[in-house]
Amino acid sequence: MSKSSTPGQISFGSKRIASVDVFRALTMFLMIFVNDLWSLTNVPEWLKHKDAHVDGIGFSDIIFPAFLFIVGLSIPFAVTSRKDKLQSSTFILKHVFKRTLALIIMGVFMVNFEFINPQALIISKHFWEILMVVAIFLVWMYYKSFQHIGEKRIMLLRIVGVVLFIGLAVIYQGGSENQIEWMKIHWWGILGLIGWAYLVNTIIYLYLGRHIMYLILIFIVFQILNLQEFTSVFGQPPFKLVVSASMHASVCAGMLAGSLLLKYQKANKEYLFIIGLVLLGVGSLIYGFWLRDYWGGFSKIRATPSWTSVCIGISALSFFVLYLIIDKLKITAWARPIKIAGTNTLTCYVMPYFIYPVLVMTGLLDMLEGVSDGYVGLIKSLLFSFLIIAIVALLNKFKIKLKV
């Protein structure tokens, strides 16, 4: 695919499958939307996250696994592109570890913000959050567009970002009034979970990606590991690859779909990819509903096997539909308003962490309470998603974006 766009087609860069970026953009748009539901009242139950011990799936519960699926979907194309540039496996691994470390650091800081004790902190917790985003941009901004300022100044900016991270960690105060705590891993955060699952699956693809059957077997192993988190399998105690196998299985499912697409599109046997994708989607749905009565029902919070499999099924079939609409039928105009979220995804995810504290500190969030109830509130949250994407698009015009 060329970098220039043609009528009815979105250009997402060379050698990219447009539906992958549209899927990513749509998922990020919805992630911003569901993450804003906390600011609303009288939200319809079907939209919200289900509580940990409620057997059910809300709309919000399927968005994160869809994003994990997309992470996996992108791995075969990213690794293949790097190998086409004659990059060694060792070089690629270094990049993967650096990217994982970045996601983990961002995830841990974002999680710890949730546990800040505002009374014990020496600065406003909202200002702490703004400085966290500033540090993220200083360290991980895409500086290639700013090479004219010189490598030394770019390095200095990155060092300032690292120092800012250290300073935020030093002054951090969390916990309760009776038990003040320093930063710790309460959980890895969305970005951290993505980072660990990305790391494990990319290593697998790097060495086994040429063999579809190996990827299928590994996908089955991840499903078994997810099962053993809830019951004894082969008499072994529960075991985790840092994070729940649910995360690894979701990424692996996307990686399997991407591998099928890459292999059969090159071989002009696209129908085999479509058959494989539909089988993955339908099979996962059937398997997930079959598991429901055995191990924990549907629960995003506990990452139950049934929830994992049903969400994989929804993600696979959603991608199938988008692939037909975007890449086969060339119906793309509807995606143009959100397309930047498909290529500047990390920037879109981080931006609300800057916008929310600004809204609070300026009093604008209180002013929005009048339009934060029921269906009016839902419209407000949809507009907020568009606002975030518009801000990211504006920043992109000035070459300001995150890249890890």
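The values are calculated or read from the model by the stated rules, or taken from the named source; none is laboratory data. Bear in mind the structure is a predicted one, so any value in this text is a computation, not a measurement. Using ideal geometry, Cβ is built from the backbone for each residue, glycine included, and neighbour counts are taken over all protein chains shown. Heavy atoms of the whole protein, side chains included, go into the accessibility calculation; ligands, DNA and RNA do not. Shrake-Rupley method; radii C 1.70, N 1.55, O 1.52, S 1.80 Å.
Which ³J(HN,Hα) values in Hz, rounded to whole numbers, follow from the phi angles of the range 72-87 under the Karplus curve 6.51 cos²θ - 1.76 cosθ + 1.60, where θ = phi - 60° and Gly and Pro get x?
So the Karplus estimates, Gly and Pro as x, are x, 4, 7, 4, x, 5, 5, 5, 4, 4, 5, 5, 5, 8, 6, 6 Hz.
State the extension gain, in nm to one decimal, for the chain segment bounded by residue 159 and residue 134, taking 0.36 nm per residue of separation less the distance between their alpha-carbons.
Computed gain between residue 159 and residue 134 is 7.7 nm.
Kirkwood Rh, the chain, all Cα pairs: how many Å?
Averaging 1/r across every pair of different Cα atoms and inverting gives 22.4 Å.
With only Lys, Arg, Asp and Glu charged, each at its Cβ (+1 for the first two, -1 for the last two), find how big the charge dipole of the chain is about the Cα centre; round to the nearest 20 debye.
Here the chain has a charge dipole of around 2080 debye.
Per 0.36 nm of contour for each residue apart, how much would the distance between residue 117 and residue 362 grow if the chain were fully extended, relative to their Cα-Cα spacing?
Separation in residues times 0.36 nm, less the Cα-Cα distance, equals 86.1 nm.
How large is the convex hull of the Cα atoms of the range 252-404 per residue, expressed in Å³ as a whole number?
Output value, Cα hull per residue: 181 Å³.
Considering only protein heavy atoms, what is the solvent-accessible area of residue 336 at a probe of 1.4 Å, reported in Å² to the nearest 10?
We get 110 Å² for residue 336.
Would you compute, from DSSP H runs of 4+ residues alone, the mean residue ellipticity of the chain at 222 nm, taking -39500 (n - 2.57) per run and dividing by the full residue count, rounded to the nearest 500?
When only DSSP H runs of four or more count, the value is -20500 deg cm²/dmol.
So which residue, out of 195, 209, 283, gets the largest mean-square fluctuation from a GNM of the chain using Cα contacts under 10 Å as springs?
The residue with the greatest mean-square fluctuation here is 283.
Ordering 367, 28, 183 by how much accessible area each has at a 1.4 Å probe, largest first, what is the list?
Largest to smallest exposure gives the sequence 367, 183, 28.
Applying 1/(1 + (r/R0)^6) with R0 = 25 Å to the Cβ-Cβ distance of residue 331 and residue 375, what FRET efficiency is obtained, to the nearest 0.05?
0.35
Over the alpha-carbon set of the range 216-302, divide Rg by the Kirkwood Rh and report the Rg/Rh ratio to two decimals.
Using Cα coordinates only, the ratio equals 1.04.
Show 293, 327, 373, 84 ordered by accessible area, largest first, where the area counts protein heavy atoms only and the probe is 1.4 Å.
Heavy-atom accessible area, descending, gives 293, 84, 373, 327.
How far apart, in nm, are two points set 7 Å out from the Cα along the Cα-to-Cβ line at residue 394 and at residue 294?
5.3
Once you've got the Cα coordinates, tell me which of 94/152; 240/339; 83/263; 144/240 are over 27 Å apart.
In this structure, 240/339; 144/240 lie more than 27 Å apart at Cα.
Write down the Å³ per residue value for the convex hull defined by the alpha carbon atoms of the range 155-309.
Here the figure is 168 Å³ per residue.
When the solvent-accessible surface of protein heavy atoms is calculated with a 1.4 angstrom probe, in what order do 26, 40, 383 fall, highest first?
Ranked list, largest accessible area first: 383, 26, 40.
Below 23 Å, Cα to Cα, which lysines can residue 48 reach? Residues fewer than 8 away in the same chain don't count.
By straight Cα distance, residue 48 reaches 300, 380.
Among 266, 184, 330, which one shows the highest mean-square fluctuation when the chain is modelled as a Gaussian network with alpha-carbon springs under 10 Å?
Ranking 266, 184, 330 by mean-square fluctuation puts 266 first.
Taking H as built 1.01 Å from N, whose amide H comes closer than 5 Å to the amide H of residue 181, not counting residues under 5 places away?
174, 175, 176
Rank 230, 67, 109 by mean-square fluctuation in a GNM of the chain with C-alpha springs under 10 angstrom and give only the top-ranked residue.
230
What's the FRET efficiency of residue 272 with residue 59 using the Cβ-Cβ distance as r and R₀ = 41 Å, to the nearest 0.05?
For R0 = 41 Å, the calculated efficiency reads 0.80.
Let me cross-check residue 315: its accessible surface, 1.4 Å probe, with only protein heavy atoms counted, in Å² to the nearest 10?
Accessible area of residue 315: about 0 Å².
Figure the gain on full extension for residue 90 and residue 147 (residue separation times 0.36 nm, minus the Cα-Cα span) and round it to one decimal in nm.
17.9 nm
Which of 266/401; 184/401; 266/328 have a Cα-Cα distance over 22 Å?
Pairs exceeding the cut-off: 266/401; 184/401.
Starting from the amide H of residue 373, placed 1.01 Å from N in the peptide plane, find each other amide H under 5 Å away whose residue is 5 or more places distant or on another chain.
The answer is 41.
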